[in-house]
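Peer 1: Following this message is one structure expressed as structure tokens.
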Amino acid sequence: MEHGLEWKVLGTAPDGFLEFALIGDCDLYNAPSFLRDMVARLGAGPTRLRFDCAGLRYLDSTGVGAIIKLLQAAKAHGGELRFTGLMGTPRKVLTLCNVISIIKEDRRDAARS
Amino acid sequence: MSQFIVRKLIVDERNELFDAQGMRYIEFPSDFKRIRDYAAQVLQDCPEAFLEDGLLEQQLSEIIKNGIKHGNRSDPSKLLRVWYDLRKRVRFIVEDEGEGFVDLDDWNDFYRRRQTALHNQDFDAFLELASYRGPKSGPDDGGNSLFAALDYWNGGMIYSEARNKVGVVRWYSVTR
């Protein structure tokens, strides 16, 4: 069975964050290409990214690892990551491995106002 | 003051979690591309309440991935053996043909430092320790599956003496 992941650019929010919608499964097959794309963006300079995870169905340890690497890259390059809409299994997985404690979350409605 | 407990991975060949009597059995070739399919196949007639909206499949996939990728090095000629019991609770024994989790003691030490940073709310240190990188870790490895597993498998997670076989169990609060 194919489990795809799409990261769709939503635009730049009023607070300056470039927003993406994550849709599908961030798993051992899809997370590496997502990571490479986002690391390239963060490496280009101080970048503020926000991920809307309301459409994220599945997250595994490779996906969590990608998030950790992005958090580390953002810190190294003076950028910032924020998340909205984390729920269901992805939220449970981030909670089980305690990574939820270093994730900054915004309310979905507040993020674009 | 909150209680600070750090769990650890345990080696215990004679643990009851390795008693496969009455368990169902299936074996898979080590095809990396089919890891999630294998987990879904094992769970195809699992009671809905145990699935927890995909969380069980995710956690079982991690164990299968560790066996196929790190144990069997994705060599399709090597088998991954799975014993499973989905009655009243979920229990699995997963065995690969690899050299075993030789870095287990190092991992336990890393995990203790990681959880200490978390307990102390030292989030900069925690970010540095968020993923485990062993000598054989690949660039795409998440390095965090066992952190979640220790919490998720609430009835135990035990390794065999050869460290190429793991037994896990998860209990549920509502008995069916």
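The values are calculated or read from the model by the stated rules, or taken from the named source; none is laboratory data. Since the structure is predicted, the reported quantities are computational estimates derived from the model, not experimental observations. We place every Cβ from the backbone using ideal geometry, glycine too, and count neighbours over all the protein chains shown. When the accessible area is computed, the model is the full protein with side chains, heavy atoms only, and any ligands, DNA or RNA have been set aside. Shrake-Rupley method; radii C 1.70, N 1.55, O 1.52, S 1.80 Å.
Peer 1: Out of the residues in region B:89-121 that are within 11 Å of another protein chain (Cβ to nearest Cβ) and more than 18 Å from B:SER145 (Cα to Cα), state the one that is most open to solvent (accessible area, probe 1.4 Å).
Peer 2: Looking only at region B:89-121, we keep the residues that are within 11 Å of another protein chain (Cβ to nearest Cβ), and these are B:111, B:114-115, B:117-119, B:121.
Right, trim to more than 18 Å from B:SER145 (Cα to Cα) and you get B:117, B:119, B:121.
Working: B:ALA117: 10, B:HIS119: 74, B:GLN121: 133 Å².
Filtering first and then ranking leaves B:GLN121.
Peer 1: A further question on this structure: Any residue at all in region B:48-67 that's at pLDDT 95 or above, at positive phi and more than 12 Å from chain A (Cβ to nearest Cβ)?
Peer 2: no
Peer 1: Name the single residue that is modelled with the lowest pLDDT among those in region B:87-123 being over 16 Å from B:ARG163 (Cβ atoms) and in a loop (DSSP other than H, G, I, E, B).
Peer 2: Top of the filtered list is B:LYS88.
Residue by residue, here is whether (1) among the basic types (Lys, Arg); (2) open to solvent by 60 Å² or more (accessible area, probe 1.4 Å); (3) touching a residue at least 12 places away in the same chain (Cβ under 8 Å); (4) not in a helix (DSSP H, G or I) holds:
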{"site": "A:GLY63", "(1), (2), (3), (4)": "no, no, yes, no"}
{"site": "A:ALA66", "(1), (2), (3), (4)": "no, no, yes, no"}
{"site": "A:LYS69", "(1), (2), (3), (4)": "yes, no, yes, no"}
{"site": "A:ALA73", "(1), (2), (3), (4)": "no, no, yes, no"}
{"site": "A:LEU86", "(1), (2), (3), (4)": "no, no, yes, yes"}
{"site": "A:THR89", "(1), (2), (3), (4)": "no, no, yes, no"}
{"site": "A:LEU94", "(1), (2), (3), (4)": "no, no, yes, no"}
{"site": "A:SER101", "(1), (2), (3), (4)": "no, no, no, no"}
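Peer 1: Within the bounds of region B:38-53, is there any residue that is touching a residue at least 40 places away in the same chain (Cβ under 8 Å), within 13 Å of B:GLY167 (Cα to Cα) and open to solvent by less than 60 Å² (accessible area, probe 1.4 Å)? Give the steps one after another, and end with the answer.
Peer 2: Residues of region B:38-53 touching a residue at least 40 places away in the same chain (Cβ under 8 Å): B:38, B:42-43, B:45-47, B:49-50.
Filter once more, keeping what is within 13 Å of B:GLY167 (Cα to Cα): none.
No, region B:38-53 contains no residue that is touching a residue at least 40 places away in the same chain (Cβ under 8 Å), within 13 Å of B:GLY167 (Cα to Cα) and open to solvent by less than 60 Å² (accessible area, probe 1.4 Å).
Peer 1: Which condition from (1) more than 14 Å from chain A (Cβ to nearest Cβ); (2) farther than 24 Å from B:PRO76 by Cβ is the one that B:PHE4 breaks?
Peer 2: (1)
Residue-by-condition table, conditions (1) open to solvent by 40 Å² or more (accessible area, probe 1.4 Å); (2) under 20 Å from B:ALA162 (Cα atoms):
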| site | (1), (2) |
| --- | --- |
| B:LEU17 | no, yes |
| B:GLN21 | yes, no |
| B:ILE26 | no, no |
| B:PHE32 | yes, no |
| B:ILE35 | no, no |
| B:ILE68 | no, yes |
| B:PRO76 | yes, no |
| B:ARG81 | yes, yes |
| B:ASP85 | no, no |
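Peer 1: I'd like the full set of residues that are free of Cβ contacts under 8 Å to residues at least 12 places away in the same chain and in contact with a helix residue (DSSP H, G or I) (Cβ under 6 Å, 6 or more places away or on another chain), limited to region B:114-123. Give the derivation first.
Peer 2: Initially, region B:114-123 is screened for residues free of Cβ contacts under 8 Å to residues at least 12 places away in the same chain, giving B:118, B:120-123.
If the condition is that a residue be free of Cβ contacts under 8 Å to residues at least 12 places away in the same chain and in contact with a helix residue (DSSP H, G or I) (Cβ under 6 Å, 6 or more places away or on another chain), then B:LEU118, B:PHE123 are the ones that fit.
Peer 1: Within region B:133-176, can you find the residues that are on the phi > 0 side of the Ramachandran plot and either touching a Lys or Arg at 6+ places or on another chain (Cβ under 6 Å) or open to solvent by less than 40 Å² (accessible area, probe 1.4 Å) (or both)?
Peer 2: B:GLY143, B:GLY156
Peer 1: Further question: From the residues in region B:124-150 that are part of a helix (DSSP H, G or I) and free of Cβ contacts under 8 Å to residues at least 60 places away in the same chain, which one is nearest to the chain's Cα centre (by Cα)?
Peer 2: From region B:124-150, those part of a helix (DSSP H, G or I) are B:124-128, B:145-150; that's our starting set.
The next check asks that each one be free of Cβ contacts under 8 Å to residues at least 60 places away in the same chain; those that pass are B:124-128, B:147.
Details: B:ASP124: 27, B:ALA125: 25, B:PHE126: 22, B:LEU127: 22, B:GLU128: 22, B:PHE147: 9 Å.
Within region B:124-150, the match that is nearest to the chain's Cα centre (by Cα) is B:PHE147.
Peer 1: Checking B:ALA40 against (1) outside any strand (DSSP E or B); (2) more than 14 Å from every other protein chain (Cβ to nearest Cβ), which single condition isn't satisfied?
Peer 2: The failed condition is (2).
Peer 1: In region A:50-69, how many are touching a helix residue (DSSP H, G or I) at 6+ places or on another chain (Cβ under 7 Å) and either over 28 Å from B:GLU52 (Cα atoms) or more than 11 Å from chain B (Cβ to nearest Cβ) (or both)?
Peer 2: So the count comes out to 5.
Peer 1: Hey, can you tell me all the residues within region A:24-49 that are open to solvent by 10 Å² or more (accessible area, probe 1.4 Å) and over 26 Å from B:LYS69 (Cα atoms)? Before the answer, list the steps.
Peer 2: To start, the set of residues in region A:24-49 that are open to solvent by 10 Å² or more (accessible area, probe 1.4 Å) comprises A:28-30, A:32-33, A:35-37, A:39-41, A:43-48.
Listed by number, the residues that qualify are A:ALA40, A:ARG41, A:GLY43, A:ALA44, A:GLY45, A:PRO46, A:THR47, A:ARG48.
Peer 1: When the residues of region A:18-37 are narrowed to those that are in a strand (DSSP E or B) and under 15 Å from A:THR89 (Cβ atoms), which ends up nearest to the chain's Cα centre (by Cα)?
Peer 2: Start the filter on region A:18-37 by keeping residues that are in a strand (DSSP E or B), which leaves A:18-26.
Remaining after also requiring under 15 Å from A:THR89 (Cβ atoms): A:22-26.
Numbers: A:LEU22: 7, A:ILE23: 11, A:GLY24: 12, A:ASP25: 12, A:CYS26: 10 Å.
The residue in question is A:LEU22.
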